[in-house]
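Data block below; observations after.
Readers should treat all values here as calculations from the given coordinates under stated rules, not as data from a laboratory. All values derive from a computational prediction rather than experimental measurement. Cβ atoms come from the backbone with ideal geometry, glycine included; neighbour counts cover every protein chain shown.
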Amino acid sequence: MAPFPTLPWTVGKSHRQLASRTLDLVIPRLCFGCDTPLEGPEPPTPRLETWLCRPCQTSLPLIAPPYCSLCGEPYPGDLTHDFRCWNCQDRHFDFDFATSGYRAEGLVRDLIHAFKYEKHYELRGLLTVLLRQSLTDKRLTELSLPTDWLLVPVPLHPWREMLRGYNQSRELCIELSRTTGIPTQNALRRNRSTIAQAGLDRDRRLRNLRSAFSLRPGHSVRGRRILLIDDVLTTGSTAQECARILHRDGGAEKVVVITVARG
Ligand SMILES: [Zn+2]
Ligand SMILES: [Zn+2]
């Protein structure tokens, strides 16, 4: 993984833009994927070329139809009808569907790992642009985003958030709110720190998550349509538990899960 260039994020936005332009003249912007100097000025609105060179952009493992109509798992064949993948057979989900723009492979997996575990906070802008790819799912483009919807992040336990420095899902929500106008509500909290989900089978993941989440007092989602945000969706167990609380305890009307990547 290449080291990431950083900017002084504590200064104001206009100063930051000015600093960025000045730095462009002095220090070339480097691709976050391969360290190649990026050509031309920084685009006025954030997009992939703000951070990635052309070869790294084309290497991104984009998910294209067909994919599972419930969990977004891509299928390599040539299906034209709605289908459920093996992961979703005989399962009940409290979310309407989950969708991701990319597979959690290659550069996308490396960027997410650096953002979550290596404190590369400056990756939040690029990861939010990758997250926005999930909004191109035709089931979402047909809806009246953004006015009627809320963004809700999957919460981290306060101890883990303190150690990490931030909750990656909440940071994605804040950036996505800023660029789409969809408001964020930090409606869920994590009551206990669960053991890492990676390596657990589906049943053990569900047991591990039982009563891990609840509604945060003072936050109402009754009758609201919610985009639940996380970095990666693997088996869907975490998203399911959050969606269950939002529906059962919060009275949410609809929950759709969007993630940067499908694990
Ligand atoms: Zn590159
Ligand atoms: Zn599925």
The local net charge around R222, scoring Lys/Arg +1 and Asp/Glu -1 for residues other than R222 whose Cβ lies under 15 Å from its Cβ, equals +2
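To the nearest 0.05, what FRET efficiency results for R47 and N87 with a Förster distance of 35 Å applied to their C-beta separation? Provide the component values of the computation, followed by the final result.
Details: r = 32 Å, r/R0 = 0.91.
Computed FRET efficiency for R47 and N87 comes out at 0.65.
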Near the amide H of F97, under 5 Å away, which other amide H atoms are found, from residues 5 or more places off or on another chain, if H is placed in the peptide plane? V257
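Taking 0.36 nm per intervening residue step and subtracting the Cα-Cα distance, what contour gain separates E253 from T36 on full extension?
Details: separation 217, 0.36 × 217 = 78.12 nm, distance 4.63 nm.
Gain on stretching E253 to T36: 73.5 nm.
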Return the sequence-ordered ³J(HN,Hα) values of the range 218-230 in whole Hz as given by the Karplus equation 6.51 cos²θ - 1.76 cosθ + 1.60 applied to θ = phi - 60°, using x for Gly and Pro. x, 10, 9, 10, 4, x, 8, 9, 10, 9, 7, 10, 9
Dipole of the range 31-169, positive end: most advanced residue of L127, G101, P65 [Cβ charges, Cα centre]: L127
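Give the peptides 223-233, 83-93 in descending order of average Cβ contacts within 10 Å, highest first. Don't jump to the answer; show the numbers that get you there.
Values: 223-233: 22.2, 83-93: 12.5.
The most tightly packed comes first, giving 223-233, 83-93.
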Among P153, P55, P76, whose Cα lies farthest out toward the positive end of the dipole of the chain, if unit charges sit on the beta carbon of Lys, Arg (+1) and Asp, Glu (-1)? P153
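As a check on your grasp of the helix formula, calculate [θ] at 222 nm for the chain: sum -39500 (n - 2.57) over DSSP H runs of n ≥ 4, divide by the residue count, round to the nearest 500.
Values: 10 runs with 89 residues, N = 263.
-9500 deg cm²/dmol, from helical runs alone.
Order of T259, T80 from fewest to most other C-beta atoms within 10 Å?
Working: T259 29, T80 7.
In order of increasing Cβ crowding within 10 Å: T80, T259.
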Would you list, by chain and number, the aspartates and glutamates whose Cα falls below 12 Å from the Cα of K254, excluding same-chain residues fewer than 8 positions away? D94, D96, D148
In vacuo Debye scattering of the chain, one point per C-alpha: log10 I(q)/I(0) at q = 0.10 Å⁻¹? -0.52
Charge-dipole axis of the range 163-263 as Lys and Arg at +1 and Asp and Glu at -1 on Cβ define it, positive-most pick from T184, Q240, I174: Q240
Given H placed on each backbone N at 1.01 Å, which residues far from A104 in sequence or on other chains put an amide H within less than 5 Å of it? R262, G263
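Taking the Cα centre of the chain as origin, sum charge times position over the Cβ atoms of Lys and Arg (+1) and Asp and Glu (-1), and report the length of that vector in debye to the nearest 20. The partial results should precede the final answer.
On the way: 36 positive and 28 negative charges, 185 e Å.
The calculation lands at about 880 debye.
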For Y75 and S220, calculate 0.36 nm times their separation in residues minus their Cα-Cα distance, and state this gained length in nm to one decimal. 48.5 nm
List, in order, the whole-Hz ³J(HN,Hα) value for each residue of the range 150-160 obtained from phi through the Karplus relation with A = 6.51, B = -1.76, C = 1.60 and θ = phi - 60°; use x for Gly and Pro. 10, 9, 10, x, 5, x, 9, 5, x, 5, 5
